Amino acid sequence: MQKLQQTFEYEYYDDISQLNPADAALLQAARAVTGQAYAPYSNFRVGVVMRLANGEQVSGTNQENASFPAGICAERTALSAATVLYPDVPIETMAISYNNLLGNSGDPISPCGICRQSLAEYEQRLHHPIRLILSGQSGSVWIIPAAGQLLPLSFSASDMA
């Protein structure tokens, strides 16, 4: 028997003021776009703004639906839009923020499991890591160098070969 361990490192910042200007602007845009989320049931608005390799930006928000679980997360909304608007253009950085209208919005959040799988597969398909900036409306910021690190031992197309 062997015991194996998998770990990853990420950057921690006390707040947005410690980020470089490009990252701060992307995070500020993600914080702002949470206002466009459609979240009348959870009151948990999530916003994403991505910077693509071609310099373009694409945003997305969570879109809930009374017919649960028919809604879609902000990350997958943005991935879908980027795929249609800019096929085969890698995503350099994705900033994710949220506004919890019923509670705290000051801690970073991380993508859900379905979004982690979608992000990991997008990275694999385009052979390019997606750097994640995670934060709430205020407070600390985490930067993950590659989204796939959030889903170790992920399922992929090669598993179906």
Worksheet item: With charges set only on the Cβ (+1 for Lys and Arg, -1 for Asp and Glu), what does the dipole of region 11-150 come to about its Cα centre, in debye to the nearest 20?
Response: 240 debye
Practice prompt. Work the Kirkwood hydrodynamic radius out for region 1-87: mean of 1/r over every pair of different alpha-carbon atoms, inverted, in Å.
Written response: 15.1 Å
Practice prompt. Return the distance in nm (one decimal) between the two label points of a simple spin-label model at L4 and N43, each offset 7 Å from Cα along Cα→Cβ.
Written response: 4.5 nm
Practice prompt. Using only the alpha carbons of region 108-161, determine the length spanned along each of the three principal axes and report them from longest to shortest in whole angstroms.
Written response: 44, 19, 14
Practice prompt. Please sort 110-118, 8-16, 143-151, 42-50 by packing, taking for each peptide the average over its residues of neighbouring beta carbons within 10 angstrom, highest first.
Written response: 42-50, 143-151, 110-118, 8-16
Worksheet, complete the sentence: With -39,500 (n - 2.57) per DSSP H segment of 4 or more residues and division by the full residue count of the chain, the 222 nm estimate, nearest 500 deg cm²/dmol, is -7500 deg cm²/dmol
Worksheet, complete the sentence: Along the dipole axis of the chain (charges at Cβ: +1 for Lys and Arg, -1 for Asp and Glu; origin at the Cα centre), the most positive-end residue among M50, S158, A146 is S158
Worksheet item: If you rank Y122, Y86 by fewest surrounding Cβ atoms within 10 Å, what's the result?
Response: Y86, Y122
Worksheet item: What does the charge add up to near E75, with Lys and Arg as +1, Asp and Glu as -1, over the other residues with Cβ less than 14 Å from its Cβ?
Response: +2
Worksheet item: Between Rg and the Kirkwood Rh of region 32-149, both from Cα atoms, what is the Rg to Rh ratio?
Response: 0.95
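Quick note: the coordinates plus some simple rules give every number you see, no bench work behind them. Model, not experiment: these values are computed from the prediction. Glycine gets a Cβ as well: all are built from the backbone with ideal geometry, and neighbour counts include every protein chain shown.
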